[in-house]
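Data first, discussion second: the structure below is written as structure tokens.
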Amino acid sequence: MGFDVRRFDIYRKIPKDLTQPTLTGAIISIASCSFIAFLLLVELSSFISTDMKNEMFVDQAKPDDKLLVRLNVSLLKLSCDFIGLDIQDDMGRHEVGFAENVRKIPFNSGGSCRFEGEFLVNKVPGNFHLSTHSARMQPQVTDFAHVIHTLSFGEEIREDNVPGAFTALSDIQMNDKNSDSSFDYYIKLVPTIYQDLHSQKWYSYQYTFANKVCVAIHAKSKVGVVRHS
């Protein structure tokens, strides 16, 4: 008779007619199966959930690189005839009444103006602002009360519920100040690369801001300034 490897089986099968179920054994079996099912669900949930990872990098900007700006703001007490976009920076750029890719939409019977624009600025410290500098005639009252609907930089991330401060100034209202007030916003930009689960990348910018409201002495000097760095 040949050698039988089954002699090494330490989990030998007991005939069913020699076993007897007990309440304790049933409770332990149910608890064990429930615990195993719970672990499987936790691991499955962890596997299919989105994991957000953050990495720091240094922005290697070149001197001729440009930054896309998207601005959408309502001037509540100024007509579109008086509103213009001015851009200036530390490289010597100084444009008054910039009009490329800019739309001015009157509302409230023409007494208010919705300003929408997409424009490029140099990646150097500078500012852009809405003012009446480019108007042929100055209004009798220059009131820059406004609502910022959107201000964003870089590529627009076309996904919902993306965490981060990509539109930190959205829905900011400044309509209860002195009519002689000017408004300055100081912005610190942080380059951000967002990559989705399909490896598609967007090169955008998050930002933080601080703002200052002051009363202008001369009506023509009142502007809404956004200073970026």
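The values are calculated or read from the model by the stated rules, or taken from the named source; none is laboratory data. The structure presented is a predicted model; accordingly, all values stated were derived computationally and were not measured. Neighbour counts are summed over all protein chains in view; Cβ atoms, including those assigned to glycine, are modelled from backbone coordinates with ideal geometry. Heads up: the accessible areas ignore ligands, DNA and RNA and are worked out on the full protein's heavy atoms, side chains in. Shrake-Rupley method; radii C 1.70, N 1.55, O 1.52, S 1.80 Å.
Of all residues in the stretch 72-97, exactly one satisfies the criterion of being open to solvent by 20 Å² or more (accessible area, probe 1.4 Å) and within 16 Å of Leu151 (Cβ to Cβ), namely Asn72. For the stretch 138-188, filtered to residues that are charged (D, E, K, R) and outside any loop (DSSP other than H, G, I, E, B), the residue that is surrounded by the most Cβ atoms within 10 Å (Cβ to Cβ) is Asp184. Among the residues of the stretch 190-229, the ones that are open to solvent by less than 30 Å² (accessible area, probe 1.4 Å) and either farther than 19 Å from Ser74 by Cα or modelled with pLDDT under 60 (or both) come to 12 in all. If you go through the stretch 106-121 and keep only what is out of contact with any Phe, Trp or Tyr (no Cβ under 9 Å at 6 or more places or on another chain) and crowded, with 20+ Cβ neighbours inside 10 Å, you end up with just Phe115.
Exactly one residue out of Ile172, Ile157 is out of contact with any Leu (no Cβ under 9 Å at 6 or more places or on another chain) and either at negative phi or at pLDDT 90 or above (or both): that is Ile157.
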